[in-house]
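The values are calculated or read from the model by the stated rules, or taken from the named source; none is laboratory data. As the structure is a computational prediction, the values presented were derived from the model and not from experiment. Cβ placement follows ideal geometry from the backbone for every residue including glycine, while neighbour counts extend to all protein chains displayed. The accessibility values were calculated without ligands, DNA or RNA, using every heavy atom of the protein model including side chains. Shrake-Rupley method; radii C 1.70, N 1.55, O 1.52, S 1.80 Å.
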Amino acid sequence: MSETKDLARPAQPTFWEAFVYWFKLGFISFGGPAGQISMMHQDLVEKRRWISEHRFLHALNYAMVLPGPEAQQLAIYIGWLMHRTWGGIVAGTLFLLPSLFILSALSYVYMAYGDLQFVQGVFSGIKPAVVAIVVFAAWRIGSRALKNKVLWGFAVASFFAIFALHIPFPAIVLAAGVLGFIGSKIAPGKFKVGGGHGASSKQYGPALIDDDTPTPEHAKFKLSRLVIMTLVFLAIWAAAMWVLMGSPVLLDMGEFFTKAALVTFGGAYAVLPYVYQGGVEHYQWLTGLQMIDGLALGETTPGPLIMVVAFVGFIGGWTKEIFGPESLLLAGFAGACAATFFTFLPGYLFILAGGPMVEATHGDLKFTAPLTGITAAVVGVILNLAIFFGWHVLWPKATEAAPFSGSFEWFYALISIAAFFALWKYKQDIMRVIGACAALGLIYTFAIS
């Protein structure tokens, strides 16, 4: 594209110009990671030219190697590259903050007015849509990750492990990572899958952070910086846990969501089974049906989908009445803040402290093969989650002792099937599918009442 040669390199944006951009992005970052990454690419690579195509993809591949939401970590990375540590902190935090407040407000409406027929009708249509969305997520990740029989074996084994043997999700992640590392030594060709983000030949003109721009001094690896930054983050985590010592429920949330943050390989759908196991089965902060509703709310708000943890924390604080029966809203918001803080804190450490070190090892098979194994195993785990959600929606009166008792909800089964085909075959937007299913659920609820 010859016309791009005449474009001038854009001026360095001020810290406050970047602040305004990240603040705006936090309110419009719908569409899950794919939509969020596409939005950042269009803004930062094509329009503003703050970063080149190649450097953007390099940062994205780096974020995909780490646990946690890749879109938010990509924002931290670019903010850090442009404006050092505070730039990364601002970019990552503003990416989350609007979602935290919006989701907390919706969680309050859900808990305070959830018995209203209108609300019940809307959610009765959204729940089967969520089943379809999770099945579609399994298909989408599987089509990208399961490139050979070995990786298919990982997916089948992980499904059997969690469905039949009830093995905890972190144990499955650890086993898949270890087997992936071993597999890279025995059959390296089976684990050279990659993250699906290659180089691009498109040119948009000279960028502020271009292909030939040297790595900024603050982004170069220094052992002393790594050690100091790690100690600072550990101190922040320990101080936050100390503050929560007076509330056993919030302390449990701090510990649990820290663990959840470290096993979020493969995106939000991958860690949902672990959040379900802890939030529903172990701590009983919420019910299985509430978890499905929370996922639906997470799909309809901006920010990363893993922000569903804010809903889990809100419901947990509310139902456990951590500040007494007179302060349920405050209790819910405290739970949402605790869940969000501890889920996302490690992501800042991975980028701000470990970024230069991990970036230097990207593409090395011994580092990427465990991720390949984990991603394959995640497909089986997500499929198990879809089955569990589907069971709750289609047999709402069933129990573990009588798994198919009560009536089969044929209407909601049809909604799930239609929603899946809308996503898979007709490539419909998730928000549009959820809206249509909510309308169908509302009409059906009033029709049968």
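Could you tell me which residue of the range 147-163 is modelled with the lowest pLDDT, considering only residues that are under 19 Å from LEU272 (Cβ atoms) and open to solvent by 40 Å² or more (accessible area, probe 1.4 Å)? Steps first, please.
Quick first cut of the range 147-163, residues under 19 Å from LEU272 (Cβ atoms) only: 154-155, 158-163.
Now restrict to residues that are open to solvent by 40 Å² or more (accessible area, probe 1.4 Å): 159-160, 163.
Values: PHE159: 94, PHE160: 96, PHE163: 90.
The residue in question is PHE163.
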Given the conditions (1) over 19 Å from the mean Cα position of the chain (by Cα); (2) among the β-branched types (Val, Ile, Thr); (3) within 24 Å of ILE430 (Cα to Cα), report the number of the one that THR301 does not fulfil.
-> (1)
Check whether at least one residue in the range 240-260 is assigned to a loop (DSSP other than H, G, I, E, B), open to solvent by 30 Å² or more (accessible area, probe 1.4 Å) and not small (Gly, Ala, Ser), and report yes or no.
-> no
Subset of the range 396-417 [closer than 18 Å to GLU299 by Cα and either among the aliphatic types (A, V, I, L, M) or in contact with a His (Cβ under 7 Å, 6 or more places away or on another chain) (or both)] = ILE415
Name the residues in the range 121-149 that are β-branched (Val, Ile, Thr) and either free of Cβ contacts under 8 Å to residues at least 60 places away in the same chain or under 18 Å from TRP424 (Cα atoms) (or both), would you?
-> ILE126, VAL130, VAL131, ILE133, VAL134, VAL135, ILE141
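Out of everything in the range 58-75 that is over 19 Å from VAL263 (Cα atoms) and open to solvent by less than 20 Å² (accessible area, probe 1.4 Å), what residue ends up being modelled with the highest pLDDT? Please lay out each step first, then the result.
Here is the first cut: in the range 58-75, the ones over 19 Å from VAL263 (Cα atoms) are 58-59, 75.
Still in the running and open to solvent by less than 20 Å² (accessible area, probe 1.4 Å): 59, 75.
Working: ALA59: 78, ALA75: 95.
Only one residue fits best here, namely ALA75.
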Those residues of the range 106-121 which are over 18 Å from TYR444 (Cβ atoms) and surrounded by 14 or more Cβ atoms within 10 Å (Cβ to Cβ) amount to LEU106, SER107, TYR108, TYR110, MET111, ALA112
Within the range 111-145, residues being more than 22 Å from the chain's Cα centre (by Cα), under 21 Å from LEU286 (Cα atoms) and modelled with pLDDT of 85 or more number 7
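Could you go through the range 309-323 and let me know if any residue there is assigned to a helix (DSSP H, G or I) and of a type in the set (Lys, Arg). Write out each step before concluding.
Looking only at the range 309-323, we keep the residues that are assigned to a helix (DSSP H, G or I), and these are 309-319.
This time we only want the ones that are of a type in the set (Lys, Arg), so: none.
No, every residue in the range 309-323 fails to be assigned to a helix (DSSP H, G or I) and of a type in the set (Lys, Arg).
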